[in-house]
Amino acid sequence: MTVRTSFPAPGGNRLPGDSTPDGGAGPPGRREKIPFPVSPVIHSALRAIYAGGPKLKWQADRNGRPFYSYVTKAGDITFFCEPPPDYSRRFHPTIALYYTPRLGFIYAGSLRDKVRNLSVETADVFLILMSYVARLADPQTGIARITLEEMAAMRDVRLRRGRSQNLYDDLKAEVLRIADLRLSMTWKDYKTGGVVAFGKERPDRLLDILDVEYRQGGTPGTAFRFRCGQALSHFLNAEGLFWIGYYSKSLLHLSPYHEAFTKKAGTYWTLIGTIAGKKGGLPRAAPRTILDFCGDNVHWRNPGYTVDAFFKAHERLRELGIFADDDLREPVSRTRGYFKEWLEQPITVRLSERLWKTVARSGRQLPETRGEIPPRQRAGAGGEAPPRDVATLMANPAILKKLRSRFYLRQEDLAGFIGITRQTLSRYERGIIGIPPACAEKILILLHKKARGDEGR
């Protein structure tokens, strides 16, 4: 099964038809952040939402009804979709299917259609709702309230397809999709050391959401009052996993259409970075793990597509200030077999200090970690030195691979600097064709410049 990974498209910061408050794409360098609770339920809920959509990576039970299961050493969480009863019909499908079995297949198909409507924007709305929960004096039992206008402001979008009402209708639909999510779970009880289970017989709501219609100044509006379900609230206490992380608004402002993978990858690093920071470490994960969280499959027919999309997304995250440092490396060679190795090669990042620091229940910031990527993982720590002359490079083109690895140079970037294609550069490195003197001279200029920068650290 092949699914293409989304990556940033030039100039695309919104869904088609969206407008920002200033009428443009909005300032790219915003550094605001919002609080949000960190827990296994939130992590798995985002996985389930990302696994929905057209790809529909949810499984189906024997009756065709969709479900999504997340399993770890600590336990398992399974999500379902259960819309509210439609009392306008003579028989609700859940009742009628016992009398007419064919209706069971129709009902299962309608559930799959609802899961297909889950999107990256659904996850954005979920994170916004959880940020309001994080602000409550008692997140475990408190009730939060949010209006559609406040959600639009958090997304930094004012209009959709020329009208604000279109935007509000879409945001309302996303909230109602979240309201349809149910879950059952079995997880490690961090208080007793045993096991706790929720919703085994009847799945629990992810969020208990109630829509409220109101008028303000003669203008009608819609707001939502909501609180955490029992399973989610279990982790919002001092004995559970109660801590508050920070999520960058710049990720919320990214387009869920044009920059979907960047948004999802940034969400993943924020989640595990918060947990790693609390434990005094740095977030570390392999590309395959990140792709799995994002709900994207590996593009086996064109591995370079996945690698390039992955690097473009992480470059964008560095641009947004999500990362302070990382040891992400371009594959030294893209010869046969490199892709499987690259997928399993762990990456270590250091989140921006403003994001990884967590807040305890008392409001005190937890102690700061060392926050440094080990020197052996940094670029320029030893390795080959650039050749002194053009003739040496032309006689030994294989050294170019090692130098690119040392200086974190991608084939695409080096080829662009020289003015050739990446495929041509690859042939140079493998010795299939010789490096022209003019190209070798340009390569040496860049390599020596990188080496001088390395020595000045």
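Residues checked against (1) free of Cβ contacts under 8 Å to residues at least 12 places away in the same chain; (2) under 25 Å from V71 (Cβ atoms):
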| position | (1), (2) |
| --- | --- |
| T270 | no, yes |
| R288 | no, yes |
| N302 | yes, no |
| A313 | no, no |
| G321 | no, no |
| T335 | no, no |
| K340 | yes, yes |
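If a residue must be within 18 Å of A398 (Cβ to Cβ) and free of Cβ contacts under 8 Å to residues at least 40 places away in the same chain, how many such residues does region 421-433 contain?
Here the count works out to 9.
Per-residue answers, yes or no, for (1) touching a Ser or Thr at 6+ places or on another chain (Cβ under 8 Å); (2) among the hydrophobic types (A, V, I, L, M, F, W, C):
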| residue | (1), (2) |
| --- | --- |
| V157 | yes, yes |
| D170 | no, no |
| D180 | no, no |
| S184 | yes, no |
| E201 | no, no |
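Filtering L206, L210, L183 for residues that are free of Cβ contacts under 8 Å to residues at least 40 places away in the same chain and closer than 20 Å to P139 by Cβ leaves a single hit, L210. Looking at region 354-376, can you tell me whether even one residue there is modelled with pLDDT of 55 or more and acidic (D, E)? No; the residues of region 354-376 include none that is modelled with pLDDT of 55 or more and acidic (D, E). Considered as a group, the residues in region 301-325 that are of a type outside the set (A, V, I, L, M) and farther than 19 Å from E412 by Cα include one that is surrounded by the most Cβ atoms within 10 Å (Cβ to Cβ), and that residue is F323.
Number of residues in region 242-280 that are of a type in the set (A, V, I, L, M, F, W, C) and either within 14 Å of the chain's Cα centre (by Cα) or crowded, with 24+ Cβ neighbours inside 10 Å (or both): the value is 9. Scanning region 252-286 for residues that are of a type in the set (G, A, S), assigned to a loop (DSSP other than H, G, I, E, B) and at negative phi turns up S255, G281, A286.
Close contacts from region 119-147, counting a first residue that is over 26 Å from K264 (Cα atoms) and a second that is of a type in the set (V, I, T) and surrounded by 19 or more Cβ atoms within 10 Å (Cβ to Cβ), with Cβ to Cβ under 8 Å and a gap of 6+ residues or different chains, come to G142/V133.
The rows are residues; the columns are (1) part of a helix (DSSP H, G or I); (2) in contact (Cβ under 8 Å) with a residue 24 or more places away in the chain; (3) outside the structural domain of L251 (by TED's automatic domain parsing).
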{"residue": "E149", "(1), (2), (3)": "yes, yes, yes"}
{"residue": "A152", "(1), (2), (3)": "yes, no, yes"}
{"residue": "D169", "(1), (2), (3)": "yes, no, yes"}
{"residue": "E174", "(1), (2), (3)": "yes, yes, yes"}
{"residue": "I178", "(1), (2), (3)": "yes, yes, yes"}
{"residue": "G193", "(1), (2), (3)": "no, no, yes"}
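Of the residues making up region 214-232, those that are at pLDDT below 90 and not hydroxyl-bearing (S, T, Y) are R215, Q216, G217, G218, P220, G221.
The values are calculated or read from the model by the stated rules, or taken from the named source; none is laboratory data. The structure presented is a predicted model; accordingly, all values stated were derived computationally and were not measured. Cβ atoms come from the backbone with ideal geometry, glycine included; neighbour counts cover every protein chain shown.
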